[in-house]
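So the structure is just underneath, and the comments pick up after that.
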Amino acid sequence: MADKKTIYMDNASTTRVREEVLDAMLPFFREDYGNPDSIHAMGRPGRDAVKVARAHIADLIGAKPEEIYFTSGGSEADNWAIKSAVFGPHAKGKHVIVSSIEHHAIINMCEYLEKVGIEVTYLPVDKYGIVSPETVEAAIRPDTAIISVMTANNEIGTIEPIREIGAVARKHNVLFHTDAVQAYGQIDIDVTRDNIDLLSTSAHKLGGPKGIGFLYIRNGVKLDPLIHGGEQERGIRGGTTNVPGAVGFGKAAELAKVDMKERADKEIALRDRLINRVLTEIPYSSLNGHPTQRLPGNANLRFAFIEGESLLMSMNMAGICVSTGSACASGSLDPSHVLLAIGLKHEEAHGSLRFTVSAETTIEDVDYTVDTLKSVVERLRSMSPLYEDFIKEQKKKQEA
Amino acid sequence: MYDGVYSDKVIDHFTNPRNVGEIENPDGVGTVGNAKCGDIMRIYLDIDPETKVIRDCKFKTFGCGAAVASSSMATEMVKGKTIYEALEVTNKAVMEALDGLPQVKIHCSLLAEEAIHAALWDYAEKNNIKIEGLRKPKKDVHDEE
Ligand SMILES: Cc1ncc(COP(=O)(O)O)c(C=O)c1O
């Protein structure tokens, strides 16, 4: 790998830490390593820096700094929001509504909740992966504790109508949570305008470090802790503050606010070039997700008659990093629940690949990726019994 | 995802698969697996009617890297063997020849064994002979789970 150029097309999985972010973090490992809760002098720099970071982080979604609660990442924030809505002294009910295309942090948690007596409604989506506010409203019951629909999907990039869904939740006086891990810092979110009560994020998706995220909790919403411990985070999230993480996250949010529009424009141009070239130059290929209501950097494409892991491996050998919704890459027998939820057949889902560009991606990277893909797809099809059968059928039809 | 997880042999057989293709009017052909699970293997056999030696063997596979490598290795292993000896090419033998497979990919080598058996079964049926130890293949593309 080392002797070859690596083209990283997997920014939805994680991103490179931005230079300014790393620079901002380093002093808090070396010099200012004190515990921000210490009363002595060493506590001070970290405490001040986290305060600044929290303000930048809140600012990006129109929240107040005291509504931001740091967590270990997106998964913890998701678990906290939903478990605290159904368990403990501040539980709101025994019924949860989620979309069927949520991240595993939500889906696997809900499957667990069902084992301990919580009822879960998994909302269907349309062929683009969009949840309709009407289906949300129809699913609400008197004992519904929380509605959780992601801001944007991590696999197919579809952006959900969260403002309308939030309005429905508000109308029925039900908590609304949104997993914004993929959307935060990429598209415009405003917690007030979008009727959001709870929102999850993770720093490593926007050029920040791994292992830190936050849960936004709207002022007035009472949540019990998920992690019991010290008095950190206003007494509801125990654990010594991850100062370098919070500082890095703050810097990433600050930068994201400044260049969001510019980045999005650049990524959309790259993404659309990739999508358009693939759809016109590779036969029997299709786009998964919505053509325009999608995250700037996300292109999820499927290729008939071939399987995703062998595609991924072949791309990897050419130095291109992508990801797949095929079961074979995950070790289970079922392909991605997201691809099945948008109505794909198993074999279609198996042949899907996700490309996620960043603002660092170049046009040359995109073109090399498409060129490589063309030869890889052709090679794998020449080995595919499904393609062989298809071609024979075509011939038969022509002769008939 | 499997960078560094597959053996060099698996990578080699995935990158340069042996015996990919079709045989026109094959003496035996077998297809196993199904698209739903993400693996389909088809094996073609060309068999000497006198000596019962497998003169040629080709495959086509829809599936992951391990599935492609297992089919490639299996075709190499049965070539030159008689139809009776070909039964020795078990999933274990294929796996060993590939220097092992990750736990979650062991079914790929099983599929390769089944594909060979299916092709041999097809040959045996067409020629009305019995191959000792060969059972009717259980998996088929048309099996819906
Ligand atoms: C939509 C979504 N939710 C949650 C997560 C989990 O975030 P983390 O890795 O920070 O726990 C991810 C990251 O993969 C994600 O894409």
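The values are calculated or read from the model by the stated rules, or taken from the named source; none is laboratory data. Nothing here was measured: the structure is a model prediction, and the numbers come from that model. As a convention, Cβ positions derive from the backbone with ideal geometry for all residues, glycine included, and neighbour counts pool all protein chains shown. For accessibility, only protein heavy atoms count, side chains too; no ligands or nucleic acids. Shrake-Rupley method; radii C 1.70, N 1.55, O 1.52, S 1.80 Å.
Considering all alpha-carbon pairs of the stretch A:59-143, what whole percent are spaced by more than 22 angstrom?
Distances greater than 22 Å cover 36 percent of the Cα pairs.
What net charge is computed for the residues neighbouring residue A:231, neighbours being all others with C-beta under 15 Å from the C-beta of residue A:231, Lys and Arg scored +1, Asp and Glu -1?
-1
Between residue B:132 and residue B:55, with labels modelled 7 Å along Cα→Cβ, what's the label distance in nm to one decimal, could you check?
According to this spin-label approximation, the distance is 2.6 nm.
Please list, in order along the stretch A:275-284, the HN-Hα scalar couplings obtained from phi with the Karplus expression 6.51 cos²θ - 1.76 cosθ + 1.60 (θ = phi - 60°), rounded to whole Hz, x for Gly and Pro.
Values per residue, Gly and Pro as x: 4, 5, 5, 4, 5, 8, 9, 10, x, 6 Hz.
List the residues of the stretch A:123-160 whose backbone N lies under 20 Å from a point placed 7 Å from the Cα of residue A:91 along the Cα-to-Cβ direction.
Within reach of a label on residue A:91, which here means backbone N under 20 Å from a point 7 Å along Cα→Cβ, the stretch A:123-160 contributes A:140-148.
From other protein chains only, count the Cβ atoms within 10 Å of every residue's Cβ in B:67-78, then give the mean.
Mean number of neighbouring Cβ atoms from other chains: 1.
For the stretch A:101-125 and the stretch B:41-75, compute the distance between their C-alpha centroids and round to whole Å.
For the stretch A:101-125 versus the stretch B:41-75, the Cα centre distance is 44 Å.
Answer with one residue from A:369, A:146, A:247: the one whose Cα lies farthest towards the positive end of the charge dipole of the protein assembly as shown, charges on Cβ with Lys, Arg +1 and Asp, Glu -1.
Among A:369, A:146, A:247, the one farthest towards the positive end of the dipole of the protein assembly as shown is A:146.
Please check which bits of the stretch A:179-215 a label hung off residue A:240 would reach, taking the label as a point 7 Å along Cα-to-C-beta and the cut-off as backbone N under 20 Å.
Hits in the stretch A:179-215 for residue A:240 at 20 Å: A:209-213.
I'd like to verify something in chain B: which complete DSSP H helices, judged by Cα projection on the helix axis, reach 27 Å or more and average at least 1.0 on the Kyte-Doolittle scale?
What comes out of the filter, once short or polar helices are dropped, is none.
In debye, nearest 20, what is the charge dipole magnitude of the protein assembly as shown about its Cα centre with +1 on Lys and Arg Cβ and -1 on Asp and Glu Cβ, if you could check?
So the dipole magnitude of the protein assembly as shown works out to roughly 720 debye.
Could you give the radius of gyration (one decimal) and Dmax (whole number) of the Cα atoms in the stretch B:8-127, in Å?
Computed over the Cα atoms of the stretch B:8-127, radius of gyration and Dmax are 13.1, 41 Å.
Between A and B, buried accessible area summed over both sides at probe 1.4 Å, in Å² to the nearest 100?
2400 Å²
List the residues whose amide H sits under 5 Å from the amide H of residue A:99, counting only those 5 or more places along or on another chain, with H placed 1.01 Å from N in the peptide plane.
The answer is A:123, A:148, A:150.
So what's the back-of-envelope 222 nm ellipticity for chain A, counting only DSSP H runs of four-plus at -39500 (n - 2.57) apiece and dividing by all residues, rounded to 500?
So the calculated ellipticity at 222 nm is -13000 deg cm²/dmol.
Based on the Cβ-Cβ distance of residue B:84 and residue B:18, what FRET efficiency does E = 1/(1 + (r/R0)^6) give at R0 = 35 Å, to the nearest 0.05?
E between residue B:84 and residue B:18, to the nearest 0.05, is 0.95.
Rank B:75, B:98, B:64 by how far each Cα sits towards the positive end of the charge dipole of the stretch B:8-127 (+1 on Lys, Arg Cβ; -1 on Asp, Glu Cβ) and give me just the farthest.
B:64
Multiply the residue gap between residue A:116 and residue A:368 by 0.36 nm, knock off their C-alpha separation, and tell me the result in nm, one decimal place.
Result for the pair: 85.7 nm of gain on full extension.
Based on the mean of other beta carbon atoms within 10 Å per residue, what is the order of A:266-277, B:123-134, A:25-36, most packed first?
The packing order, highest mean first, is A:266-277, A:25-36, B:123-134.
Between residue A:132 and residue A:222, what FRET efficiency comes out of the Förster formula 1/(1 + (r/R0)^6) with R0 = 25 Å and r the beta carbon distance, rounded to 0.05?
Once rounded, the FRET efficiency stands at 0.25.
Tell me what chain B gives for mean residue ellipticity at 222 nm when only DSSP H runs of n ≥ 4 count, each as -39,500 (n - 2.57), the sum divided by the residue total, rounded to 500 deg cm²/dmol.
Taken over chain B, the calculation gives -11000 deg cm²/dmol.
Can you give the translational diffusion coefficient of the protein assembly as shown in µm²/s, computed by Stokes-Einstein from the Kirkwood radius over Cα pairs at 20 °C and 1.002 mPa s?
The calculation lands on 84 µm²/s.
Using the crude model of +1 on Lys and Arg Cβ and -1 on Asp and Glu Cβ, and no other charge, please compute the dipole size for the stretch B:10-145 relative to its Cα centre, in debye to 20.
140 debye
Above 30 Å lies some portion of the pair distances; for the stretch A:19-256, what is it as a whole percent of all C-alpha pairs?
Pairs farther apart than 30 Å: 23 percent.
What percent do you get for the relative contact order of chain A when only Cα pairs under 8 Å and 6+ apart count?
The normalised contact order for chain A reaches 20 percent.
Just report the Cα centroid separation between the stretch A:349-386 and the stretch A:167-235, whole Å.
What the calculation gives is 35 Å, centre to centre.
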